[in-house]
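Colleague: Here it is: the structure, laid out below.
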Amino acid sequence: MSEIRIENISKSYGKVQAVKNVSFSVKSGELFGLIGPDGAGKSSLIRMITTLLLSDSGTIHMGQYDVVKDYKILRRFIGYMPGKFSLYQDLTVKENLEFFATVFGSSIEENYELIKDIYQQIEPFKNRRAGNLSGGMKQKLALSCTLIHKPEFLILDEPTTGVDAVSRVEFWDMLDRLKSKGITILASTPYMDEANRCDRIALMQKGEIMGTDKPSKISGMIQHDMFAVSADDMYKLKTFLSQCQEVDEVNLFGQEIHIALKSESNETIILEKLKAQNFYNLKFRQIEAEIEDVFIHLMTKQAKEGQND
């Protein structure tokens, strides 16, 4: 079984605790997302999972193997794609792919079917140096090199950072196809919209996992009714809402402000208060919590609990 089990993992760099007692599992054949902003601890956790960094405490198992005791064996089964493009810039597309296949005792021909859908998109440029490729093409080459030895586990550290929106969508489409071939995939990302492409996600902030569930169920972590509010003077509107005792949370989302109320009975009261302020073009509607709402809610809760410790 190609399952990943992470139990009570912690890692510190001096006085900075990057990962704090993290536990979760990734099911065999699942596409799992580790979601969080820069500095959340995602990369440290990814490096421990891929046998590149030792934890201070806890255990990680990939299938039947322990990442510390069995790291030499495990590296044959792991495909790791770091966030920063790390292939050889002076080698051509084909030379990079041939090099990584050779390292694992394989060949392009042997596992071509696995990378075919991806590699065909860059094959017309196989004699171009990697350093001269666009961001999206570098991404496809890196993924091809990561898959060339047919790994059971695919571990990706912020694979879509720095590429255009179209390339981001194409990349997640490729991950969907790879998942259908039975590969267990763990991908970290700071982009909340990419969370919806995963089977399950873990929300990570300040080294801690704040919640784990299917994207469709993650909104259930907010118990309060939520509303989207807008008006011509958004600054005045946000200031007013922040001072209302009926409002639990106030956050700006694009052209709207999302608010969470303290109880169901406050909807009429807050609407009357808003109308009394004579805001121009006032709009007020109830909404379902999005992943961004949940993340900010849990982050605020985490900060409050930290102040009370």
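The values are calculated or read from the model by the stated rules, or taken from the named source; none is laboratory data. All values derive from a computational prediction rather than experimental measurement. Counting neighbours? That spans all protein chains shown, and the Cβs are built from the backbone with ideal geometry, glycine included.
Colleague: So is Q120 farther than 19 Å from I185 by Cα and either modelled with pLDDT under 90 or not assigned by TED's automatic domain parsing to the domain that holds H61 (or both) or not?
Modeller: Details: farther than 19 Å from I185 by Cα: yes; either modelled with pLDDT under 90 or not assigned by TED's automatic domain parsing to the domain that holds H61 (or both): yes.
In short, yes.
Colleague: On to the next question. Of everything in region 116-128, what is more than 21 Å from D164 (Cβ to Cβ) and out of contact with any Lys or Arg (no Cβ under 9 Å at 6 or more places or on another chain)? Give them in sequence order.
Modeller: The answer is K116, and nothing else.
Colleague: If we keep just the residues of region 242-265 that are free of Cβ contacts under 8 Å to residues at least 24 places away in the same chain and hydrophobic (A, V, I, L, M, F, W, C), which is surrounded by the most Cβ atoms within 10 Å (Cβ to Cβ)?
Modeller: V247
Colleague: Can you work out which of the residues in region 68-97 that are charged (D, E, K, R) and in a helix (DSSP H, G or I) is nearest to D157 (Cα to Cα)?
Modeller: Filtering region 68-97 for residues that are charged (D, E, K, R) and in a helix (DSSP H, G or I), the one nearest to D157 (Cα to Cα) comes out as K72.
Colleague: Being in a helix (DSSP H, G or I), in contact with an Asp or Glu (Cβ under 8 Å, 6 or more places away or on another chain) and surrounded by fewer than 18 Cβ atoms within 10 Å (Cβ to Cβ) is the filter here, so list the residues in region 98-135 that pass it.
Modeller: G131, G135
Colleague: Still on this structure, I have one more. Under the condition of being buried (at least 16 other Cβ atoms within 10 Å of the Cβ) and either among the acidic types (D, E) or touching a Pro at 6+ places or on another chain (Cβ under 7 Å) (or both), which residue from region 208-241 is farthest from K27 (Cα to Cα)?
Modeller: D225
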